[in-house]
Amino acid sequence: MKNNAKFFRKIIAVVGIALLLVGITRTSRADDRREFADEAKFTTIDFPGATGTAAFGINLQREIVGTHNHFSCCPFNINSHGFLLSDGKFASFDVPGASPNSTQPNGINLQGEIVGSYGDSSGKSHGFLLRHGTFSTVDPPGTTFTFANGINLQGDIVGFYTDSDANGHGFLLKNGRFTTIGTWCCGSRGGDGSARNQPARRRRGGFQ
């Protein structure tokens, strides 16, 4: 009986220590959540004079890219442009030759290189890269629609495009070479529209 009592006392002690550790862990996690909530602050981003502002990308230096819109109803009119927010200052831009309201920057890397999409006068969408003040088009061969989504420190670009059969694909542009990533079967040869090897979605926090 004495041995059994000692055994049960040991079990109770071990369980007590385990519960204490769990309590400490939970308290630590709760403290972490409270600390994050205290540090996390939402900041409204409004392009001066715009009726609408959308932010799409941010880099490690907290430079932000997106679009700003200007809407009027009498007569109806809407103008949309890309923007860069750096060191608290906004800069508006459009891809040269782009159709009105079509420039959309989506990503920016630590070097300040920006990628996005724009439309031409025929309604076709292209990807673009803005590097050192110079725009260049980013279109995989044979595409009918291109959307450049993100760029990393090495200048590798990711996005998606549609081919002549209206099938969608992800792509990686690395060292001047395009690599197709997966396929959406939604075009003339895509069968029932189900997905096959779908491209990976954009990760939280962008492609850095």
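Counting charges near His126 (Lys, Arg +1; Asp, Glu -1) among other residues having Cβ under 9 Å from its Cβ returns a value of -1.
Counting every other Cβ atom within 10 Å of each residue's Cβ, Ser80, Ser122 order from fewest to most as Ser122, Ser80.
The numbers here are math on the coordinates, done by the rules we state, and not lab data. What you are looking at is a predicted structure, and each value in this text was computed from that prediction instead of being measured. Don't worry about glycine lacking a Cβ; one is built from the backbone with ideal geometry, like all the others, and counts go over all protein chains shown.
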